[in-house]
1. What are the ³J(HN,Hα) values, in whole Hz, obtained from phi via the Karplus relation 6.51 cos²θ - 1.76 cosθ + 1.60 with θ = phi - 60°, for each residue of region 74-85 in sequence order, with x given for Gly and Pro?
2. Determine ³J(HN,Hα), in whole Hz, for all residues of region 86-101 in sequence, where each value follows from phi through the Karplus function 6.51 cos²θ - 1.76 cosθ + 1.60 and θ = phi - 60°; x replaces Gly and Pro.
3. How would Leu100, Leu10 rank on accessible area, largest to smallest, probe 1.4 Å?
4. Would you compute the Debye intensity of region 60-103 from its alpha-carbon atoms alone, equal scatterers and no solvent, and pass along log10 I(q)/I(0) at q = 0.25, 0.28, 0.33 Å⁻¹ to two decimals?
5. Quick one: 3J(HN,Hα) in Hz for region 59-66, Karplus 6.51/-1.76/1.60 with θ = phi - 60°, rounded, Gly and Pro as x.
Amino acid sequence: MTMTKRFYSLFFAVCMLILAGCAATPQKASTGQIIDDSVITTKVKAAIFEEPNLKSLQISVETYKGIVQLSGFVNASAISLRAAEVARKVDGVQGVRNSLVVK
């Protein structure tokens with residue numbers, strides 16, 4: 001094998017390893033998914049903050065693979081339902097897990 005063929009073979013093998021390292025696995029999200037999830041989280045937080053009844057409440061928002069989880073404490077179950085409804089309307093949200101607790 002010539003030196004050029006060895007170089008190209010090595011280069012190809014390294015490229016394949018790099019690409020395999022960037023792929024998503026069932027347990028881990030890819031870099032693109034993490035960025036998408038952070039954008040969704042930011043949009044949901046903004047939508048909740050813009051809602052007059054929800055603005056002052058402490059609602060935590062986390063997103064994993066498009067599924068939004070709401071957690072924290074609210075004063076009434078109607079507020080909990082409204083927060084979930086607002087989150088569902090945000091683009092990119094695939095589902096909402098409402099873990100808000102009524103005080």
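The values are calculated or read from the model by the stated rules, or taken from the named source; none is laboratory data. Everything numeric here is computed off the predicted structure, so don't read it as measured data. Protein only, heavy atoms only, side chains kept; ligands, DNA and RNA dropped before computing areas. Shrake-Rupley method; radii C 1.70, N 1.55, O 1.52, S 1.80 Å.
1. In residue order, the calculated couplings are 10, 8, 8, 5, 5, 5, 4, 5, 5, 4, 5, 5 Hz.
2. So the J values, rounded to whole Hz, are 4, 5, 4, 7, 6, 4, x, 6, 9, x, 10, 9, 8, 10, 6, 10.
3. Order by accessible area, largest first: Leu10, Leu100.
4. Ignoring solvent entirely, the Cα scatterers give -0.80, -0.95, -1.19.
5. Residue by residue, region 59-66 yields 10, 8, 10, 10, 10, 9, 6, x Hz.
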